[in-house]
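J.: One structure, pasted below without further comment.
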Amino acid sequence: MIQNPAYQQMVLDTFCTALEDASPAVRAKAAEALGKIGDVAIAPILVKTLKDTSPEVRRSAIQALGQLNDKASIPHLLAAGQDSDNFVRQSVAEALGKIGDKAAIEALLKLVEDANYDVRKSAADALGKIGSEAAIPALLKLVEDANYDVRKSAIDALGKIGSEAAIPALLKLLEDPDAEIRQVSAIALGKLGNEDIIPVLIRLLEDSNAHVRESAVDALGSVAQYPVA
């Protein structure tokens with residue numbers, strides 16, 4: 001970290017000048033560098049950059065805002081969630097997940113319905129990080145998504161949120177033909193900590209896939225944990 005205030009200002013001014021460079025790559029790198037400084041006072045500069053003509057620059061600005069963890073920038077990120085570029089919308093979901101504020105849930109619930117699977121996956125990941133039960137219905141729909149990675153992210157998010165409302169869907173997924181889906185479902189069930197699922201997890205030790213059996217043991221270990229007196 002630069003200790004000399006004069007040098008700090010010199011570097012900041014240089015980055016701001018670079019945001020006006022003719023090259024999108026330079027502007028994007030400047031936005032990225034501003035995020036690394038870690039000062040939320042820089043956020044307004046990055047918010048202006050969200051209107052850059054280059055998707056690459058807009059993505060960098062969004063990622064930088066997520067890095068700054070500035071809740072005041074959430075309304076601007078919500079607006080960016082309607083960007084025409086898939087990668088920009090994906091970056092919005094990721095940034096909102098990093099900031100982790102419940103004010104982002106409404107926008108993320110729209111992004112889980114995005115036509116692009118990377119956006120849906122990132123939105124599911126973000127909802128899992130925020131941990132609100134308001135996301136449960138949307139995530140339950142995503143566990144049936146056509147995209148494999150989206151399904152896994154939705155299952156993982158359900159486990160992180162920890163709502164027992166997810167148990168019926170997760171139990172059904174233990175019968176999925178894909179071993180990895182069964183595996184992540186077992187892990188998610190273990191995170192819920194409901195002892196009523198113990199018989200199901202024990203039966204899962206008869207699964208034909210060793211990774212699934214391993215996850216069943218791991219999930220049982222999670223359920224069996226109890227507070228030390």
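J.: Would you mind checking the pairs Lys71/Lys129; Lys102/Lys172; Lys29/Lys98; Lys48/Lys98 and listing those with alpha carbons more than 25 angstrom apart?
T.: Values: Lys71/Lys129 15 Å; Lys102/Lys172 29 Å; Lys29/Lys98 20 Å; Lys48/Lys98 20 Å.
Table pairs above 25 Å Cα-Cα are Lys102/Lys172.
J.: Could you tell me the extents of the stretch 163-229's C-alpha atoms along the three principal axes, largest first, rounded to whole Å?
T.: Result for the stretch 163-229: principal-axis Cα extents of 41, 25, 16 Å.
J.: What full-extension length gain, to one decimal in nm, is calculated for Ala25 and Gln3 as 0.36 nm per residue of separation minus the Cα-Cα distance?
T.: Value of the extension gain: 5.1 nm.
J.: Now for a different question. At 0.36 nm per residue, minus the direct Cα-Cα distance, what do Asn194 and Thr53 gain on full extension? Give it in nm, one decimal, please.
T.: Going from the current span to full extension adds 45.7 nm.
J.: Summarise the accessible area of the chain (1.4 Å probe, protein heavy atoms) by the percent that is carbon and sulfur.
T.: Working: 6310 of 11920 Å².
Within the chain, the accessible surface is 53 percent carbon and sulfur.
J.: Answer with a single label: of (i) 16.7, 48; (ii) 19.2, 64; (iii) 21.1, 67, which was calculated as Rg and Dmax of the Cα atoms in Å from the structure in view?
T.: (iii)
J.: With n ≥ 4 as the cut-off for DSSP H runs, can you work out [θ] at 222 nm for the chain, using -39500 (n - 2.57) per run divided by the number of residues, rounded to the nearest 500? Write out the running numbers ahead of the final one.
T.: On the way: 14 runs with 154 residues, N = 229.
Calculated at 222 nm, the ellipticity per residue is -20500 deg cm²/dmol.
J.: How much accessible area per residue does the chain have, counting only protein heavy atoms and a probe of 1.4 Å, in square angstrom? Mind showing how you got there, number by number?
T.: Working: 11920 Å² over 229 residues.
Accessible area per residue, the chain: 52 Å².
J.: Another question about this same structure. Tell me, what is the percent relative contact order of the chain, built from C-alpha pairs under 8 Å that lie six or more residues apart? Spell out each step's value before the answer.
T.: Numbers: 352 pairs, mean separation 23.4, N = 229.
Normalised by residue count, the contact order of the chain is 10 percent.
J.: Over the stretch 120-229, what is the mean sequence separation of C-alpha contacts under 8 Å (at least six apart), divided by residue count, expressed as relative contact order in percent?
T.: Details: 155 pairs, mean separation 23.4, N = 110.
Reported relative contact order: 21 percent.
J.: Report Rg(Cα)/(2.2 N^0.38 Å) for the stretch 11-81, keeping two decimals.
T.: Working: Rg = 10.7 Å, N = 71, 2.2 N^0.38 = 11.1 Å.
Cα-based Rg divided by the globular estimate yields 0.96.
The values are calculated or read from the model by the stated rules, or taken from the named source; none is laboratory data. Predicted model only: the values in this text are computed from it and were never measured. To get the accessible areas, we keep the full protein, side chains included, count just its heavy atoms, and leave off ligands, DNA and RNA. Shrake-Rupley method; radii C 1.70, N 1.55, O 1.52, S 1.80 Å.
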